[in-house]
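A short write-up of the structure that comes next.
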Amino acid sequence: MDISTVAGLILGIVFMIYGIFLSGDLSAYWDVPSVVITLGGTLASTLASFPLDDFTNTLKVLKKAFVYKDTSPDEVIKEIIRLANVARKEGLLALDEYAETLEDQFLKKGIMLIVDGTEPELVRNILETELVYIEDRHANGQRVFETAANFAPAFGMLGTLIGLINMLRTLDDPSSVGPSMSVALVTTFYGSVLSNLVFLPLAQKLRERNGREILVKELMVEGLLSIQAGENPRIIEEKLKTFIPPKMRKNYREELEKEGA
Amino acid sequence: MDISTVAGLILGIVFMIYGIFLSGDLSAYWDVPSVVITLGGTLASTLASFPLDDFTNTLKVLKKAFVYKDTSPDEVIKEIIRLANVARKEGLLALDEYAETLEDQFLKKGIMLIVDGTEPELVRNILETELVYIEDRHANGQRVFETAANFAPAFGMLGTLIGLINMLRTLDDPSSVGPSMSVALVTTFYGSVLSNLVFLPLAQKLRERNGREILVKELMVEGLLSIQAGENPRIIEEKLKTFIPPKMRKNYREELEKEGA
Amino acid sequence: MDISTVAGLILGIVFMIYGIFLSGDLSAYWDVPSVVITLGGTLASTLASFPLDDFTNTLKVLKKAFVYKDTSPDEVIKEIIRLANVARKEGLLALDEYAETLEDQFLKKGIMLIVDGTEPELVRNILETELVYIEDRHANGQRVFETAANFAPAFGMLGTLIGLINMLRTLDDPSSVGPSMSVALVTTFYGSVLSNLVFLPLAQKLRERNGREILVKELMVEGLLSIQAGENPRIIEEKLKTFIPPKMRKNYREELEKEGA
Amino acid sequence: MDISTVAGLILGIVFMIYGIFLSGDLSAYWDVPSVVITLGGTLASTLASFPLDDFTNTLKVLKKAFVYKDTSPDEVIKEIIRLANVARKEGLLALDEYAETLEDQFLKKGIMLIVDGTEPELVRNILETELVYIEDRHANGQRVFETAANFAPAFGMLGTLIGLINMLRTLDDPSSVGPSMSVALVTTFYGSVLSNLVFLPLAQKLRERNGREILVKELMVEGLLSIQAGENPRIIEEKLKTFIPPKMRKNYREELEKEGA
Amino acid sequence: MDISTVAGLILGIVFMIYGIFLSGDLSAYWDVPSVVITLGGTLASTLASFPLDDFTNTLKVLKKAFVYKDTSPDEVIKEIIRLANVARKEGLLALDEYAETLEDQFLKKGIMLIVDGTEPELVRNILETELVYIEDRHANGQRVFETAANFAPAFGMLGTLIGLINMLRTLDDPSSVGPSMSVALVTTFYGSVLSNLVFLPLAQKLRERNGREILVKELMVEGLLSIQAGENPRIIEEKLKTFIPPKMRKNYREELEKEGA
C-alpha cells in the first residue's frame, strides 16, 4: 500500500474538518446541490475532454496511487547480474528456463527476445518502443487528473457565481445576504478542496510512480542489452549502479555469491 | 459517435441548469446583450487571431470531437500482418491489388510507394514528413479552441466590467445595486461556462483524438517499412505489439490463420 | 489584405460599443488620463524590454497581420516541379535564366546556389541556417506583442489601484464613491481591451502567418535539394505533396503539361 | 554555510515583523488553528503527492540549501590538470594511487574506471548515465518544494474561505465582522509567507546549487575523457576553461608548476 | 547607452506620476514602511533564492541593460571576410599578428586556436562549449530579475494583507476605514510598479541582448571554422549573410576592396 497517499489524504481531510469545527459546524459544508455543481461539472467536463476508454481506465490507474508494489531498482540490478552470470556460464539459451520464474513481464519479454536470437539492434528497438508507449499510456492517466484538477476550481467558482447572481437579484432582506453568500461560497470551497486535496496530489503521485517505473525499465533495457552483448558481469554491475543513488549501491556480485547463485 | 463528448457536454449543461433552478430561475441567465459581448467578443478576437481558412476549417475539425470512427490499432496490426503475409508469399508487387481494397489513405499511399519500388530511405522520409505535417494541421484546430478558451473568460470579465462601470456612475437608487450587479455578473458566468464547459473540453478532446491518430499512423510507418524490408511476420508482429498496451495484445497471426487469410 | 484580422478587430470593437450603449454611454469610456496610464505605461515598459530597433521594427511587422500576400504552398510546388522539369531537360545551368523571373527571394537564392555549383551539403546548410534565422527574427515581432499583451492588463490594474488609493484617502462624500470607482475601473477596462482585442490577436496572427511562411520555405528547401540531386519530377511531386493537406493536393505535373510548360 | 539562504530568510522575516509592528501587534498573527490548516494542509497534500521516501529525503536535501561546500570549478580544473600531468609522466596506472587522496567520489570513480582500462566509450557512457540520474534525483528535491509552494497559498485561501463561510452564516453582530475577517485573512497571510518566503526561495536555491554541481561534474567528465585520451595538458586546460567565465580563468599549469606539482 | 531602456523607464515613471497627480498627490505614495515590506521582502527572497555571488553579479549584469555597445553582426561579417582574405593570401599563420588588433576576446581566442594548429573538430568543440556556458551564465542574470519580478507583486499583496488584518481588528471608527485601506493598497501599488516597470522590462531586455550576443558569437564560430577550412571568401560571405536579415546584407567583399583591405 502506498502509505503516503493514504496518510496525506486522511491528514488533509482531518485538518480541514478541524479548521471547520473551530468556529462553525460541519453541517454547513454538506450541501448536495453544491456537490452536484462542482463535482458533477468537473466530471462532466473531464468526461468530454477524453475518449470514453481513457476516462474509465482512470479508475484502474487510480489504484496505482494507493496500492503499489514498488519494484526496487536494487532487486532488479541483482536479478540482472544473476541472469548475466547464468548467461556467462551456461550460454544465452539457458536463460529460457530461468525466464519462466520471472514475475516482471517486461524483463521476461526481453529475455525471450534474446533467447530467440533476435538481433541486438532489434531488441533495443523493440524494448525502447515499448518504453515510449508505456510512458505515453501512463501520461494519459495523469492528464485525466490534471484536467480534473483544473476544472474543479473553475466549477467551484461557477457555483459561487450562480449563488451570487441569484442572491443579488432578490436583495430584499439584508439579513439574508450573509447566509446566502455563505452558501454560495461553499462551492468554491468544494472546488478548491477537490483540486488541492484530491486531484493535484493524485496526479503528482502518478507522475512520480511512473517516473520510477520508467527508471526501472530503462535499467532493464540497459542490462538486457549488456547480457546479450556478453559483457562482463562486473562491467554490467558498474553500469547499472549509475542508475541509483550512491547510498543504495551495494556489492551485488558478492551478495549473489553468498546466496550461492 | 463520440459518446463521451456528447454525454459530457449534456451532463455539464444539466448540472448547471439544476444549480440555477435551485435558488433562482433560468430566465435571469438568458440575456442577449451578455451573449453578444461574451460570445461575440470571443469569436471576434479568435477570428482576428487566425487566418480566415484556419478559422473556418475549425467547424470541420469540430466534427471530429463528436463523430469519430476510431481506427483501432488492433485492426491495423492485423491488416499489416496480413499484408506482410501476402508480400512474403506473392512478392511485393502482389500488394498492389490488395491495396485497392484498403480504406485508410495513408496506408494505401505507403503501399503504393513500396509497390513502385521507391527506396526504403525515401519511403520513410515521405511517410514521416507526411506525419509531421498531419500533426501540424491537427494542432491548428486545437489552437483555435484553446485560443477561444482563453478569450472567453476575459470577455466575460470585460462584460462585467462594463456593467459595473455603468452601474457605479449612476448610484442613485441603492436598491438597484443588487439586480444591476446580478446582471453584470451574468457575462462572467457566460465566459466561464463557454471556456470550461465547451472550449476547453473540445480542445482537449481534439488533442487526445489526434494523439491516437498519430500513434496509429506511426504504427503503419513502422509496419510498412518492415514489410518492404521483407521482415518475418513474426518479428513484425512482435515489433508492432509494442505500440499497444499488453492487455490489448493478441496472437494476430493465429487469428489470421483461423480466418484463412 | 488579411480579412480575418480586420473583420475580427472591427467586430470586437463593435460588440464592445454595443455592450456599453446598452446601459451606459460611450463618453464615460473616453478618459484621456486613463489612456495615458494604460497605453502609455504599456508602451513604456515594452519599449524598455526591447532594443530600440526591435521595437520600431514592430510597426513594419504589424503590417503583415493586415496586408498579407499568402504564398500558396500549392503554387510553390508547381513552381518547383516546373523548375525540376527545366533542370531535367536543359540541365541545371538552364535554371539561371529561369530564376530571373522568380519573385520569391529565398527560392531565387537557392537556385543561384545550385547554378553556381555549390555542394549539396553546403546548399542545405546555407538554406537551413537562413530558415533558422528567419524564424528567429519573426519570433521577435511576436514577442513584442506578447510582451505588450502581458503589460496592458497590469497597467490597467495599476491605474485602477491609483484611482482607488486616491479615492479612499478622501472618503468624505459617500455619494462620490460610486462615480469615482467607476472612473477607476475604466483603466482596467482599457487594459483588458488592449490585451484581448488588440495585442493577443495580433501576436497570435503573426505566429500563424510565420508558421505558414516557414512551411512554404521548408517546402522550397526540400524541393531545391531534390532538383540539385537530379531526382525524378514524379518523386519530387510525391515528396512535396506530403507538406500539404490531402484535399489541397493536385496532379501538378498534369496541370503543368496542360499549361504546356 | 550558504550565507544568502540564511540572510535572505532572516531578512524576509524581519521585514514582515517590522511591517506588522507598524500598525498592529504580532499576537494577532499567531493563531494555532490557522497554522494547522495552512501548514498542515500543505504538508498533507505534498505528502500525498510523493512516495514516502522522496518526502522524507527532502529534509536531507534541505540541508544543501543551508550548508553547502561549493566545489569550485576552479579547483577542479587544477586538479584535473594535475592528474593529466601525472598520467603523462607516469602513465595512467599511476593515477590509481593518486585517486586515493581525492575527496570527490565522482572524480574518484572516473579515475578508477580509467585505471581499470575500461574502454573510453564505456567510460563516457557510465559517467554520463550517472550524471543524468544525479540530475534526476536532484530534481526530486526541488519538485517537493515547488509542490509545497503551490499548495501553500491554496490552503491559505481555503482557510480564509472556511473563516468567511463560518462568519457569514451568523451575521448577527455587525461589529464582529471586522475582527472575524481579520482572523480569516491570517491563513491567507500564512500561505503567502510560506510560499514566498520559504518554499519558493528554497526550491530556487536547490535548482541553482544543482545547476552548479552538474556543471562541475560535466567539467570532470570532459577532463577525465581527455586524460584517458592522453591529450596534451595545455589542450585540456584550454578545453576546461571554456566551462567557466573568462574572469575566473587563470593560468593553471603555471600555478601548478609554482606549487611544484 | 541603451536608449530604449532609459527612455522606457523614464516614460513609465512619468506616466505613473501623471496619473497620480490627476486626482491625488504624490505624498500619499511615499511610505517608507511600504517600501521596506515590498522592496525589502522581494530582495530578501531573491537573495535566498540564489547563491551569493550570482546575486551580487546581478549589478554588473544590470549595467548591460543600460550601457551596451552592440557588436553589429554587420561589422563582424566584414571582419571575418577580412580575416579570410588575409588567411588566403598570407596563410593561416599571418592571422596571428592580425589577431592582436582585435577587440573581441571570443574572436581572438578562436583565431589563436587556429594559428596554434588545433584540429578543426577541437576548435568547434571548444568554441561551442564556450558558447553553451556563456548562454548559461547570461541566463543567470535574467533569472535573478525574473525571480524578483515574481516576488514583487507577492510581497506587495502581503503588505496589503498585513494592512487589512491590522485595520479589520480595530474597526472602531468607520471614517478611518477608507484612509487605512488606502495606505494598505500602496504596497500592492509598489509591488506592481516594481514588477511591471522595473524587473520585467530589465529581465526581458537582458534576454534580448543576450540573444543578439549569442547570434554574433554563432556567426563568429561559423566564420572561424570556414576560415580554418580554407573556404573561398565568396562562400564564407554567402554563409554568414544567412545569419542577418536580407535588408542588412551588403556586398562585403566589394566594400573591403574599396577600403583597400
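The values are calculated or read from the model by the stated rules, or taken from the named source; none is laboratory data. Not measured: the values here are computed from a predicted model. In this analysis, Cβ positions are derived from the backbone assuming ideal geometry, glycine residues included, and neighbour counts consider all displayed protein chains. The protein model used for the area step is the full one, side chains on, heavy atoms only, and it has no ligands, DNA or RNA in it. Shrake-Rupley method; radii C 1.70, N 1.55, O 1.52, S 1.80 Å.
Of note, B:THR56 does not satisfy the criterion of being of a type in the set (Val, Ile, Thr) and part of a loop (DSSP other than H, G, I, E, B).
Candidates are the residues of region B:244-261 that are more than 9 Å from chain A (Cβ to nearest Cβ) and surrounded by 15 or more Cβ atoms within 10 Å (Cβ to Cβ); the one that is farthest from A:LYS109 (Cα to Cα) is B:LEU256. Would you pick out the residues in region D:19-48 that are touching a Pro at 6+ places or on another chain (Cβ under 7 Å) and more than 9 Å from chain A (Cβ to nearest Cβ)? Hits for region D:19-48 are D:GLY19, D:LEU22.
Could you please find all residues in region D:92-103 being charged (D, E, K, R) and assigned to a helix (DSSP H, G or I)?
Going through region D:92-103, the residues charged (D, E, K, R) turn out to be D:96-97, D:100, D:103.
Across region D:92-103, the qualifying residues are D:ASP96, D:GLU97, D:GLU100.
Filtering C:ILE111, C:ILE126 for residues that are touching a Ser or Thr at 6+ places or on another chain (Cβ under 6 Å) and farther than 23 Å from C:LYS258 by Cβ leaves a single hit, C:ILE126. Against the conditions (1) outside any helix (DSSP H, G or I); (2) open to solvent by less than 30 Å² (accessible area, probe 1.4 Å), B:THR38 satisfies every one except (1). For the residues C:ILE126, C:ILE134, the requirement of being at the interface with another protein chain (Cβ under 7 Å from one of its Cβ atoms), surrounded by fewer than 24 Cβ atoms within 10 Å (Cβ to Cβ), at negative phi and modelled with pLDDT under 95 singles out C:ILE126.
Note on region C:209-243: residues that are in contact (Cβ under 8 Å) with a residue 40 or more places away in the chain, open to solvent by 30 Å² or more (accessible area, probe 1.4 Å) and over 24 Å from B:VAL221 (Cα atoms) amount to 5. Restricting region A:66-79 to residues that are outside any helix (DSSP H, G or I) and β-branched (Val, Ile, Thr) leaves a set whose member that is surrounded by the fewest Cβ atoms within 10 Å (Cβ to Cβ) is A:VAL67.
Selection of region B:54-86 for residues being aliphatic (A, V, I, L, M) and free of Cβ contacts under 8 Å to residues at least 40 places away in the same chain yields B:LEU59, B:VAL86. Just a yes or no: is a residue in region C:49-65 within 14 Å of chain E (Cβ to nearest Cβ), open to solvent by less than 20 Å² (accessible area, probe 1.4 Å) and either polar (S, T, N, Q) or over 25 Å from E:LEU202 (Cβ atoms) (or both)? Yes, region C:49-65 contains at least one residue that is within 14 Å of chain E (Cβ to nearest Cβ), open to solvent by less than 20 Å² (accessible area, probe 1.4 Å) and either polar (S, T, N, Q) or over 25 Å from E:LEU202 (Cβ atoms) (or both).
In summary, B:LEU200 fulfils each of the numbered conditions (1) farther than 30 Å from B:ILE10 by Cα; (2) at pLDDT 90 or above; (3) within 11 Å of chain A (Cβ to nearest Cβ); (4) open to solvent by 10 Å² or more (accessible area, probe 1.4 Å) with the single exception of condition (1). In the set (1) open to solvent by 60 Å² or more (accessible area, probe 1.4 Å); (2) assigned to a loop (DSSP other than H, G, I, E, B); (3) without any contact (Cβ under 8 Å) to a residue 40 or more places away in the chain, the condition left unmet by B:LYS89 is number (2).
Only a single criterion out of (1) in contact (Cβ under 8 Å) with a residue 40 or more places away in the chain; (2) within 25 Å of the chain's Cα centre (by Cα); (3) facing another protein chain (nearest Cβ under 9 Å) is not satisfied by A:GLY141, namely (3).
Taken over region E:152-197, the criterion of being facing chain C (nearest Cβ under 9 Å), aliphatic (A, V, I, L, M) and over 30 Å from D:SER175 (Cβ atoms) is satisfied by E:VAL193, E:LEU197.
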